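Worksheet: the structure to be examined is printed underneath.
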Amino acid sequence: MGREVLPVNRNLGVLISGRGSNLQAIIDAIAAGRLDARIRVVISNRADAQGLVRARDAGIETLVISHRAFASREMFDGAVVAELAAREVALVCLAGFMRLLSPAFISAYPNRILNIHPALLPAFPGLDAQHQAWEHGVKITGATVHIVTADLDAGPIVLQKAVPVFDDDTSETLAARILEEEHRIYPEAIRIVLDGEWRIEGRRFIRSPQ
Ligand code: GRF
């Protein structure tokens with residue numbers, strides 16, 4: 001078991017690429033007093049991300065850093081990490097951020113990057129997880145918040161919530177049911193990680209006093 005690097009403050013940096021409904025859930029949880037945290041910055045790699053509007057409406061600083069402006073993934077990630085560090089972000093939340101993170105990004109924030117995935121990992125990693133689950137014919141799928149490691153969608157699991165699949169579901173109705181649970185568990189998982197009463201053993205995220 002390694003020594004865990006816990007968040008040193010409650011400053012969040014949220015990375016998005018699109019709609020931003022999970023970002024909105026985090027904003028709403030903070031506003032409602034369910035999550036004691038502050039979103040210092042929302043960074044999008046796309047200027048047209050709807051989530052940028054949500055952030056601005058909530059008075060949160062936004063940055064657009066286009067990955068296309070950089071020669072390599074490492075250089076793009078370096079620019080993002082520099083902006084996060086400049087704002088003393090302690091916990092990075094990926095919320096529909098459609099870029100893989102380089103090892104350098106991950107080692108800048110060891111055990112301090114979270115992601116939300118719309119399936120019960122390790123089932124259906126990667127893109128279009130809701131459609132993958134629907135097409136496979138599983139009767140239960142769900143949502144997962146996990147710590148980001150170098151392996152795609154494979155880091156220690158913080159929280160999961162199961163969602164039933166009904167015979168008359170389309171992949172769209174299923175995705176909508178999963179999304180409702182995503183919005184519940186992401187703020188909750190952030191609270192758990194910020195509160196710091198956890199450790200990692202192997203790949204198990206264990207909640208307990210240090
Ligand atoms: C969500 O389904 C999330 O699980 C996945 O990307 C989608 C982002 O949606 N990683 P939104 O931008 O938060 O609305």
Index of the failed condition, E135 passing every other in (1) open to solvent by 10 Å² or more (accessible area, probe 1.4 Å); (2) within 24 Å of A25 (Cα to Cα); (3) at pLDDT 95 or above
(2)
Output the residue which, of all residues in the stretch 138-155 that are open to solvent by less than 10 Å² (accessible area, probe 1.4 Å) and in contact with a strand residue (DSSP E or B) (Cβ under 6 Å, 6 or more places away or on another chain), is nearest to P103 (Cα to Cα).
G155
Residue ID - nearest to the ligand (Cβ to nearest atom), chosen from residues in the stretch 118-128 that are crowded, with 23+ Cβ neighbours inside 10 Å and under 15 Å from the mean Cα position of the chain (by Cα):
P118
Only residues that are in a helix (DSSP H, G or I), within 21 Å of Q24 (Cβ to Cβ) and open to solvent by 30 Å² or more (accessible area, probe 1.4 Å): list them for the stretch 45-89, please.
Q50, V53, R54, R56, D57
In the stretch 157-168, how many are crowded, with 18+ Cβ neighbours inside 10 Å and in a loop (DSSP other than H, G, I, E, B)?
1
What's the number of the condition G126 fails, among (1) modelled with pLDDT under 95; (2) at positive phi?
(1)
Could you grab me the full set of residues in the stretch 90-100 that are among the hydrophobic types (A, V, I, L, M, F, W, C), part of a loop (DSSP other than H, G, I, E, B) and surrounded by 18 or more Cβ atoms within 10 Å (Cβ to Cβ)?
A90, A95, F97
Is it the case, given these coordinates, that I185 is at pLDDT 95 or above, surrounded by 15 or more Cβ atoms within 10 Å (Cβ to Cβ), under 13 Å from the mean Cα position of the chain (by Cα) and outside any loop (DSSP other than H, G, I, E, B)?
yes
Pull up the stretch 101-117, narrow it to residues that are in a loop (DSSP other than H, G, I, E, B) and over 15 Å from P156 (Cα atoms), then point me to the one that is most open to solvent (accessible area, probe 1.4 Å).
L101
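The values are calculated or read from the model by the stated rules, or taken from the named source; none is laboratory data. Source: prediction; values computed, not measured. Cβ coordinates were reconstructed from backbone atoms using ideal geometry, including for glycine residues, and neighbour counts include every protein chain displayed. The accessibility values were calculated without ligands, DNA or RNA, using every heavy atom of the protein model including side chains. Shrake-Rupley method; radii C 1.70, N 1.55, O 1.52, S 1.80 Å.
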